[in-house]
Structure formats: C-alpha cells, structure tokens
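Enquirer: The structure that follows is given in the form of structure tokens.
Since every read-out is calculated from the coordinates, none of them should be taken as a lab result. As the structure is a prediction and not an experimental result, all values here were calculated from the model. Virtual Cβ from ideal backbone geometry, glycine too; neighbours counted across all protein chains shown.
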Amino acid sequence: MRLLESGEMYLETIHILSLKGGHVRSLDVAEYMGFSKPSVSRAVGLLRNGGYIVVDEDGYITLTDAGHEVADKIYERHTVLTDFLSSLGVNAETAAEDACKIEHDISDESFRAIKQLMKKL
C-alpha cells in the first residue's frame, strides 16, 4: 500500500512523539498536529489496517517495522532538508515549514545529493 503524504506525516509525528516521551496515543497525535480527534482516529485506523502501526488495548500506538521504515525516512529528510535550508540563510521556522513540504516529494537521488553536500559542509 502506497502511503499518501498525510499518512507519512502521521507516521513521522508518531515517531517524533515516541522519541520525546515514549508512549503515544491518538490524542497526543491530534494535539501535536492540530487535527481533530475524528480525523486522527480515521488515519490511525487506516495506518493500522495498512500494517504501519499497532494500537494496544490501552490505546497506545507503536510503529511496526514498516511504519518505522517510512517514519525514519521522512524524519531524516525533514532534518537534513531543514539544516540544508538553514545553511542557505533561511530562518529556522521557514526552513522547517519548507522542509516539511519538500520531504514528501523529493526524489531519492536529489535527497542523496543534498545529504552528501551537507556531510561535506
């Protein structure tokens, strides 16, 4: 199942929240993303059915291996692209916002080239 940008964003959010505090619930995702609880509930159901997350009986969300793969990829793209744009003189807030837009559409080849350039800097 090919994820849409919104699915990637949800997985990235779950990853970020788990890094910050460990346990993640739908309410945490809704608050972090500024989305309604019903929207998040629907997305959580789709991600669970797609095999990207597991939700336990207490409502805690865990990424599966497939979910981690997507979340790690998007999170790395976000951080590298944010750093790249910041190195060009873009202010931090704008760099993060623009990175969020680019991270879902940039080709693997272009991302690798930017990542290599950032390693040299």
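Enquirer: Quick one: which helices (runs of 4 or more DSSP H) sit completely within region 1-87 and have at least 3 residues that are of a type outside the set (Phe, Trp, Tyr) and under 22 Å from Ile106 (Cα atoms)? Before the answer, list the steps.
Expert: Values: elements: 5-21, 26-33, 37-49, 65-87.
Ranges flagged: 5-21, 65-87.
Enquirer: Within the set of pairs 6+ apart or on separate chains, which have a first residue in region 91-118 that is of a type in the set (Asp, Glu), a second that is assigned to a helix (DSSP H, G or I), and C-beta atoms under 6 Å apart?
Expert: Cβ pairs passing all conditions: Asp98/Leu85; Glu103/Ile74; Glu103/Arg77; Glu103/His78; Glu103/Leu81.
Enquirer: Looking at Ala95, is it crowded, with 19+ Cβ neighbours inside 10 Å and part of a helix (DSSP H, G or I)?
Expert: Numbers: crowded, with 19+ Cβ neighbours inside 10 Å: yes; part of a helix (DSSP H, G or I): yes.
Against the criterion (crowded, with 19+ Cβ neighbours inside 10 Å and part of a helix (DSSP H, G or I)), Ala95 qualifies.
Enquirer: Something else now. Look through Lys101, Lys119 and report the one residue that is within 22 Å of Ser6 (Cα to Cα) and among the basic types (Lys, Arg). Lay out the reasoning, then the answer.
Expert: Values: Lys119 fails: within 22 Å of Ser6 (Cα to Cα).
When all the criteria are applied, what remains is Lys101.
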